[in-house]
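Chemist: Next up is a structure, given as structure tokens.
The values are calculated or read from the model by the stated rules, or taken from the named source; none is laboratory data. Computed from a predicted structure; not experimentally measured. Virtual Cβ from ideal backbone geometry, glycine too; neighbours counted across all protein chains shown. These accessible areas exclude ligands, DNA and RNA; they are computed on the full protein's heavy atoms, side chains included. Shrake-Rupley method; radii C 1.70, N 1.55, O 1.52, S 1.80 Å.
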Amino acid sequence: MSTEVFEAKIEEMKGLLQELLQATVDEGSSDLHIRVGLPPMLRVHGNLTPLDMPALTPEETRALVYAATPEDKLKELESDGGADYALPFGDQARFRVSAFKERNHYALVLRQIPTKMLTLEQIGLPQQVKELLWKPRGLILVTGPTGSGKTTTLASMLNIINEQRAVHMITVEDPIEYYHPHKGCVVTQREIGHDVPSFAEAIRRALRQDPDVILVGEMRDLETMQAAITAAETGHLVFATLHTTGAAETINRIVDAFPIDQQEQVRTQLADGLVAVISQLLLPRVDKPGRVAAFEIMIQTPAIRSRIRDNKTFQIASDIQTGAKYGMVALDSHLLELYMSGKIAYDELVTKSRDPDTIVAKLKEELQAQGRR
């Protein structure tokens, strides 16, 4: 295909791209997939569904990628085989985009970032979590697999701080997803690759910028973990994400990332500085269209501080079970609550629980107590 013909194709695909983004918004889809040999696919309530249109050709897919991708990111795509960036769609939404090559073709995945902030009540978090947002220092981790709603939860937390406190809030993201306008806070948002080269460098620089609150989009390497822990230790409230499930697993993951001769020191730092771990999953609802979040919430107490310092994280689960008065939530208890209230299916209850045998036994007890068999 000649350059002139391909440029004309890009212009044609710009119109299709706008239609596809509009369809994504209208259908309430979380993701849009663009692949050679398939029609565009929308992920709606967790399931991929094809749009009613022909399969895309290699030329159409390449032109769509070029229509969607900024010039600097196209260079990265061609040299590295992939590029990530944010794409605005008027005032309706923003998209986090991954453009990449596969089997010698081009492809796109666009994750919709809603413009409306949810409240913590709408997300399903208890009041005690909101109280953590006034902590003067410490580390709050929001964890879970990809697509579990971590970004939405963090954005909601930062929005509360922005509306109800008067502090300097710095976010470090790759790419920037939710925009936070200045409300009660001064907000600085820095994007990796555009404003600063790396998470670790951004955190180090942030400490010289009079911050009160720092968001680290992802603690993806040892250097970033070290910088985030230090920032929390030196008098800042730090939020960060990890792709882990559960409080104990999250703590172990951080500690294990460090060399053996540093792990005892890191445990001490986490014991003193970790405020909370909020782990979440998004599950399909059975009572109505959509998904619902299931949580495990660990909030720092003297007992948990000792578990971390003494390398007894396997005992944290029992502390969470008995820590409801502090706002703690055990995943299996929350799953059982969601099932009993008719929000999730039995299969989700069993397959997502940490201890399926115990959860089934508890379910039988609940049903018997209600006179149902």
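Chemist: Out of T244, T188, I need the residue that is without any contact (Cβ under 8 Å) to a residue 40 or more places away in the chain, of a type in the set (V, I, T) and not in a helix (DSSP H, G or I). Which one?
Modeler: Selected residue: T188, the only one of T244, T188 that is without any contact (Cβ under 8 Å) to a residue 40 or more places away in the chain, of a type in the set (V, I, T) and not in a helix (DSSP H, G or I).
Chemist: Check region 219-234 and report whether any residue there is under 19 Å from V129 (Cα atoms) and not aliphatic (A, V, I, L, M).
Modeler: Step one: list which residues in region 219-234 are under 19 Å from V129 (Cα atoms), which gives 232.
After this cut, where a residue has to be not aliphatic (A, V, I, L, M) as well, the list is none.
Checked region 219-234: no residue is under 19 Å from V129 (Cα atoms) and not aliphatic (A, V, I, L, M).
Chemist: Go over the candidates L56, L108 one by one and state the one that is open to solvent by less than 40 Å² (accessible area, probe 1.4 Å), among the aliphatic types (A, V, I, L, M) and under 30 Å from P181 (Cβ atoms).
Modeler: Residue meeting the stated conditions: L108.
Chemist: Looking at (1) open to solvent by 10 Å² or more (accessible area, probe 1.4 Å); (2) of a type in the set (V, I, T); (3) under 18 Å from D332 (Cα atoms), which is the one condition that is false for I320?
Modeler: (1)
Chemist: Something else about it: How many of the residues in region 138-167 are part of a helix (DSSP H, G or I), aliphatic (A, V, I, L, M) and closer than 19 Å to F295 by Cβ? Spell out how you get there, then give the answer.
Modeler: First, pick out the residues of region 138-167 that are part of a helix (DSSP H, G or I): 150-164.
Adding the requirement that they be aliphatic (A, V, I, L, M) leaves 154-155, 157-158, 160-161.
Still in the running and closer than 19 Å to F295 by Cβ: 154-155, 157-158, 160.
So the count comes out to 5.
Chemist: While we're looking at this one, here's another question. May I ask you to list the residues in region 282-291 that are open to solvent by 20 Å² or more (accessible area, probe 1.4 Å), within 22 Å of the chain's Cα centre (by Cα) and of a type in the set (A, V, I, L, M)?
Modeler: L282
Chemist: Could we say that K362 is farther than 24 Å from R253 by Cα and not in a helix (DSSP H, G or I) here?
Modeler: Against the criterion (farther than 24 Å from R253 by Cα and not in a helix (DSSP H, G or I)), K362 does not qualify.
Chemist: Moving on. Read through the list (1) more than 18 Å from L274 (Cα to Cα); (2) touching a Lys or Arg at 6+ places or on another chain (Cβ under 7 Å), then give the number of the only condition that A232 fails.
Modeler: Looking at each condition in turn, A232 falls short on (1).
Chemist: Output the number of residues of region 250-281 satisfying the condition of being without any contact (Cβ under 8 Å) to a residue 60 or more places away in the chain and either under 19 Å from K352 (Cβ atoms) or of a type in the set (K, R) (or both). Walk me through it before giving the result.
Modeler: Here is the first cut: in region 250-281, the ones without any contact (Cβ under 8 Å) to a residue 60 or more places away in the chain are 253-269, 271-272.
Retained after the next criterion (residues that are either under 19 Å from K352 (Cβ atoms) or of a type in the set (K, R) (or both)): 253, 267.
So the answer is 2.
Chemist: Right, another one. Considering each residue of region 250-281, count those that are in contact with a strand residue (DSSP E or B) (Cβ under 7 Å, 6 or more places away or on another chain) and open to solvent by 30 Å² or more (accessible area, probe 1.4 Å), and give that number.
Modeler: Residues flagged as in contact with a strand residue (DSSP E or B) (Cβ under 7 Å, 6 or more places away or on another chain) and open to solvent by 30 Å² or more (accessible area, probe 1.4 Å) within region 250-281 amount to 1.
Chemist: How about region 302-314: which of its residues are surrounded by fewer than 15 Cβ atoms within 10 Å (Cβ to Cβ) and of a type in the set (S, T, Y)?
Modeler: The answer is S306, and nothing else.
Chemist: Right, next: If you go through region 193-214 one residue at a time, do you hit one that is in contact with a Leu (Cβ under 7 Å, 6 or more places away or on another chain), in contact (Cβ under 8 Å) with a residue 24 or more places away in the chain, over 17 Å from A86 (Cβ atoms) and assigned to a loop (DSSP other than H, G, I, E, B)?
Modeler: yes
Chemist: Which pairs turn up if I take residues in region 308-323 that are at pLDDT 95 or above and look for partners that are open to solvent by less than 90 Å² (accessible area, probe 1.4 Å) and among the charged types (D, E, K, R) with beta carbon separation below 8 Å, at least 6 apart in sequence or on another chain?
Modeler: These pairs meet every condition: I308/R267; R309/R267; N311/R267; T313/R307; Q315/R307; I316/R307; D319/R307; I320/E296.
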